[in-house]
Every structure is written in C-alpha cells, then in structure tokens.
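What follows draws every value from the coordinates through simple rules; no lab data is involved. Please read all numbers here as calculations on a predicted model, not as lab measurements. Glycine also receives a Cβ, built like all others from the backbone with ideal geometry; neighbour counts cover every protein chain displayed.
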Amino acid sequence: MVHVMAAFLPGRANNPTTTCGWLRRDRPAGGTPGPLLLGWCAVAAGIAAGDGRGPWPLPLVLVGWGAVLVGVANAGAHAGVPNPGPNPGVEPDTDARPSRGTSWVMLAVVLAVGVAMRPRYYAGGGWASVSDALGVAGGLLTAGSILGWLRRAPDDRATARWLASPACFWPVVGLMTAAGVTMIIAAPQPRIDVFHLLQVSARGLVDGSDMYRQQWAPSRAGYPAHQLFDVYPYLPGTTLLLAPFRLLLADVRYGLLLASVVTAVAIRAIMSRDDAQAGTRLPPALPLLVLAFPGSMYALQQSWTEPLLTACISLLVWAVTSGRGRWAVVAFAVALASKQHMALLVPVAAAWPAFGPRRALASVALAAAAVAPWVVVGPSDFWGDAVLTNLRYPVHGDSLSVPGVLAHAGITTGFGPMAVALTVAYWLAWRVRAGAAEFCAGAGVVLLTLDVMNKQSYFNHYTLPMALLVTALAAAGERRPGPSAVSAQRRVEKRSSAAPS
C-alpha cells in the first residue's frame with residue numbers, strides 16, 4: 001500500500017524531510033487508486049447514493065473509511081524514514097506525473113455521475129432547473145479538467161489545454177456560485193429546522209435575544225419543520241458568522257455558499273505554494289471538489305453549516321503554511337466557537353509541530369471567550385441546548401453509521417465502540433504528525449471515524465472529513481526547506497507554538 005500512496009500522492013523527490021508515505025516519490029507509479037482518493041470517492045458515492053441516509057449506502061462509506069485508515073496507517077509506518085532521493089546519475093523527469101492513474105479517473109467518474117443526482121426536496125420551478133443546469137455544467141467541467149490533466153500533451157488543442165490548466169478554476173467557481181444562488185432562490189423556505197433556527201437566531205442578535213432561549217416560530221402548530229422548535233444545538237459562532245448574510249441578503253445560506261468558495265480558494269492557495277512543477281503532480285481542479293462534489297447543491301439547500309468549518313480549517317492550514325501564525329490561531333478559534341465536535345481536533349492541532357500546543361491552547365481560550373457571554377447570561381439554557389441535546393440524541397435507523405444499521409437488529413452499541421475507534425484514529429493521527437498534509441489527513445481520520453461510529457450521521461457530517469482529505473492532497477506538495485535548512489527548521493519548530501511563524 002505504501003507503493004500505492006507514493007504513486008498517487010507525490011512529494012519532493014530530493015527532499016529528505018519528507019517523511020510520510022504519501023509524500024514519497026521514490027516509488028514507481030502504478031495503476032491502483034491511492035487510499036485518500038479512494039476514500040474520498042467511496043464516501044462521496046455513499047452519501048450521494050442515499051442522500052446521506054442509511055443503511056444500504058453504508059458499505060460504500062465503510063470502504064472509504066477503511067481506505068483512509070489504511071493509507072494513514074501506512075504513512076505512519078514510514079514516519080521518520082528519510083527519502084533517499086533520486087538515483088545518482090539519473091536525469092530527473094521534470095514532467096513525471098506519479099499522480100496519473102486510475103484513482104484520478106475514478107474521481108472524475110464519481111463527479112460526472114454525481115452531477116446527475118440532484119435531489120430538490122424543497123426547491124421547485126424554473127430557478128431549480130437553472131440551478132441544476134449550472135451545477136451539472138460545473139461538475140462536468142471539473143471532471144473534464146481532471147481527465148484533461150491526465151491526458152494533456154504538448155500538441156493538445158487550445159481548448160484541451162485550457163480545460164486542464166488553472167484557468168479553468170474561476171469559471172467553475174462562477175458556475176457553482178450561480179448554481180448556489182439560484183438554488184437558494186428556488187427554495188426560499190426549506191422545511192428543515194436548521195434553516196429556521198439559523199434565520200431566527202441571526203435576526204435575534206439585533207434584538208438582543210438569547211439564541212438558547214428562543215423558539216423558531218410563534219407556535220408549534222405553525223412550525224413547518226417538525227423537528228427542533230426551541231433548541232439551538234450549536235455554539236454561538238455559527239450564528240455570529242451567518243448573521244450579516246441574514247440581515248443584508250435575508251438568507252443565511254448565502255454565507256454558507258461564500259464559505260464554500262473561500263474553502264476552494266484557500267485550498268488553491270495551499271497548492272500554489274509548491275514549486276513550478278506542482279501542476280504536473282496534482283490537477284488544478286482539485287480544490288473544486290469542495291464545490292462540485294455530488295449533492296453540493298442539496299447540502300446548500302438544507303442550510304447545513306459544514307462549509308463554515310471547512311473554510312476555517314482550510315484557512316488555518318493556509319495561514320500556517322504561509323507563516324501567518326496569529327491568523328491560524330484565529331481561524332481555529334472560530335471553528336471551535338462554531339460547533340462542538342471541532343474540539344476533537346484540538347489534540348491533532350496541538351501535535352502538529354508547525355501549530356503546536358501553545359497555539360492550540362490560545363485558540364481554545366479565544367473560542368471560550370467568544371462563547372462565554374451566552375454561558376454567563378443563561379448557563380442552564382446553554383447547557384441544555386448545546387450540551388445535553390447532543391448527548392441525548394437517540395440512535396436513528398436512517399443514520400449513515402454503524403450504530404444506525406445495528407439499530408435495525410435491535411443492537412445498541414453504547415459509547416464503548418466509538419471510544420475504541422477514536423483512540424485508534426488519534427493514534428494514527430499522532431503517528432503522522434509532520435506537516436500540513438499529515439495534519440489534514442489525521443484530522444480527517446478522526447472526524448470520519450466519529451461519523452461512522454456516531455448515533456446520528458448524515459450527508460452533511462461526511463462533507464467535513466471529505467474536505468479535509470482534499471486539503472491533505474493539496475498540501476502534499478507544500479514547499480519544504482532543503483537539506484541545508486533541516487536543522488534550522490527543527491530548531492524553529494521547537495518554539496513554533498510560542499512565537500508566530
């Protein structure tokens with residue numbers, strides 16, 4: 001499997017500091033899908049096949065989970081093993097593409113097929129058809145760009161060269177943004193509690209209302225969602241981030257759409273930090289996966305808030321890799337103040353040498369300060385909504401998770417299996433703690449494990465680890481110091497958590 005990882009996730013060939021298996025380039029290229037790409041494709045297919053509901057799509061998700069676990073485990077097995085570099089006397093192949101292979105073809109196929117799966121639910125009319133057409137065009141262009149990058153040759157026609165080049169990025173961003181805007185117009189009042197609680201709580205900030213004491217309609221009889229009616233299950237950062245879009249554009253989903261675009265742009269910036277040959281090793285369309293994944297417009301229509309988290313984490317990685325340590329602390333703090341389960345990433349961030357425990361603690365402190373006003377004003381309300389509600393969620397039979405499937409057989413797992421699985425995930429993340437790619441892969445393993453073993457996991461929950469896998473792939477080619485700077489880098493990393501990068 002290490003051969004597989006090296007074949008599809010290359011690093012710097014002459015870089016002795018590249019320690020993880022998926023960054024090594026001293027392995028021959030092959031035709032077997034790389035584990036992270038296979039994982040992404042399987043999870044994407046699983047959540048799209050059943051709109052994120054179990055149990056029959058769960059085997060696809062489990063295949064993806066297993067692929068990611070195996071990939072990170074094999075990478076960890078080679079942590080600390082120096083890359084021997086190119087063979088002496090052998091002319092390096094500057095246009096070699098170890099990433100070429102069936103894994104990228106599989107990715108393009110998943111995207112091309114996935115664009116046909118466009119559940120509308122609460123959307124209708126002409127605007128929904130326009131959104132579908134724009135989304136299909138964006139998805140097919142992304143798939144075509146990946147295939148064009150695989151087959152590109154010097155004598156390709158101008159259209160093929162454009163499709164395979166970075167110039168294709170912004171047109172697809174424009175298409176997917178337009179698809180999102182028209183989808184929002186086509187579904188002005190989705191019958192889901194997330195939309196209503198975000199809309200009402202964002203408007204309530206202006207009136208000084210406490211979101212943990214509000215209800216989302218005048219009465220239960222007139223509430224269209226039939227779900228959470230007077231419970232705010234998130235941390236305040238979610239509404240604080242989305243409030244400007246509610247007040248200026250009357251819909252919080254415009255903020256979620258912008259967050260998805262920010263994620264794609266940040267991942268593109270992470271990729272651009274590699275050298276001039278980066279475009280030959282990774283497709284320029286890679287960052288577009290966070291916009292054009294199967295069912296992306298469905299997720300936006302439902303008002304699911306994961307784009308806020310993907311934007312924060314991608315900005316965190318970009319800030320660290322570009323030497324902006326204070327911005328990285330802020331980005332992570334915003335994520336921690338927005339959703340409770342982001343706290344699971346604190347140990348992973350603390351173990352990342354370039355971020356470190358001091359910055360992780362600083363982010364925790366900043367997030368706590370942001371949440372504190374609501375805790376002080378109504379501690380029991382906050383505890384009941386943000387803590388107890390999540391802990392007391394029952395296991396649902398339609399959950400796309402192992403407990404959800406076992407519930408059909410009357411089996412209750414309890415917390416034990418999740419604790420064991422998370423322990424393994426943290427151990428894997430600890431073993432690969434090296435650079436940005438390893439941080440993203442480790443964080444992705446932890447959150448994907450949480451989703452697979454959780455009481456209630458659906459479409460939206462899996463989109464966050466999927467975005468982390470994309471960011472890990474993008475960061476695999478990050479610029480690293482040469483041999484003469486290795487000792488200096490190690491000295492800096494020892495104090496990196498105490499001073500800005």
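Between Leu406 and Arg392, what length in nm is gained on full extension when 0.36 nm per residue of separation is reduced by their alpha carbon distance?
On the way: separation 14, 0.36 × 14 = 5.04 nm, distance 1.82 nm.
Here the answer is 3.2 nm.
What number, in nm² with one decimal, is the all-direction average of the projected area of the convex hull of the alpha-carbon atoms of the stretch 306-453? Intermediate results must be reported in sequence, preceding the final value.
On the way: hull surface 37.5 nm².
Approximately 9.4 nm², given one-decimal rounding.
From the backbone phi of the stretch 359-366, what are the Karplus-calculated ³J(HN,Hα) couplings (6.51 cos²θ - 1.76 cosθ + 1.60, θ = phi - 60°) in whole Hz, Gly and Pro given as x?
Taking θ as phi minus 60°, the curve returns 5, 4, 5, 4, 5, 4, 5, 5 Hz for the stretch 359-366.
So for the pair Arg326, Ser209, with labels modelled 7 Å out along Cα→Cβ, what separation do we get in nm?
Going from the Arg326 label point to the Ser209 one covers 3.7 nm.
Provide the FRET efficiency to the nearest 0.05 for the Val113-Thr413 pair, computing r from the beta carbons and using R0 = 41 Å. If you can, show how the numbers build up before the last one.
Values: r = 33 Å, r/R0 = 0.80.
About 0.80, to the nearest 0.05.
Which one, Ala368, Phe355, Tyr426, is farthest towards the positive end of the dipole of the stretch 320-433 when Lys and Arg carry +1 and Asp and Glu -1 on their Cβ?
About the Cα centre, the residue reaching furthest to the positive side is Phe355.
Over all distinct Cα pairs, what is the inverse of the mean 1/r for the stretch 223-265, reported as the Kirkwood hydrodynamic radius in Å? Intermediate values should be presented prior to the final figure.
On the way: mean 1/r = 0.0844 Å⁻¹.
Answer for the stretch 223-265: a Kirkwood hydrodynamic radius of 11.8 Å.
So if I average 1/r over every pair of distinct C-alpha atoms in the stretch 385-477 and take the inverse, what Kirkwood radius in Å does that give?
Details: mean 1/r = 0.0707 Å⁻¹.
Kirkwood radius, the stretch 385-477: 14.2 Å.
Relative contact order for the stretch 100-212 using alpha-carbon pairs under 8 Å, separation at least 6, rounded to a whole percent? Walk me through the numbers before you get to the answer.
Values: 99 pairs, mean separation 36.2, N = 113.
Normalised by residue count, the contact order of the stretch 100-212 is 32 percent.
Between rounded, prolate and oblate, where does the stretch 191-264 land on the alpha carbon gyration tensor, with a ≥ b ≥ c its root eigenvalues, rounded for a/c under 1.5, else prolate if a/b exceeds b/c? Walk me through the intermediate numbers first.
Values: a/c = 1.95, a/b = 1.56, b/c = 1.25.
Here the stretch 191-264 falls in the prolate category.
Each residue of the stretch 440-451 in order: what ³J(HN,Hα) in whole Hz does its phi give by Karplus 6.51 cos²θ - 1.76 cosθ + 1.60, θ = phi - 60°, with x for Gly and Pro?
5, 5, x, 5, x, 4, 4, 6, 5, 5, 4, 5
Which shape class applies to the stretch 414-455: rounded if a/c is under 1.5, otherwise prolate when a/b exceeds b/c and oblate if not, where a ≥ b ≥ c are the square roots of the Cα gyration tensor eigenvalues? Mind showing how you got there, number by number?
Working: a/c = 5.28, a/b = 2.07, b/c = 2.56.
It is oblate, given that a/c is not under 1.5 and a/b is not larger than b/c.
From the Cα trace of the stretch 219-360, what convex hull volume per residue do you get, rounded to a whole Å³? Please list the in-between numbers first.
Details: hull volume 19.5 nm³, N = 142.
For the stretch 219-360, the hull spanned by Cα atoms encloses 137 Å³ per residue.
May I ask for log10 I(q)/I(0) of the stretch 287-373 at q = 0.13 Å⁻¹, from a Debye sum over the Cα atoms as equal point scatterers with solvent left out?
-0.45
Calculate, axis by axis, the spread of Cα positions in the stretch 215-299 along the three principal axes, and write the results as whole Å, longest axis first.
On the principal axes, the stretch 215-299 reaches 60, 25, 23 Å in Cα extent.
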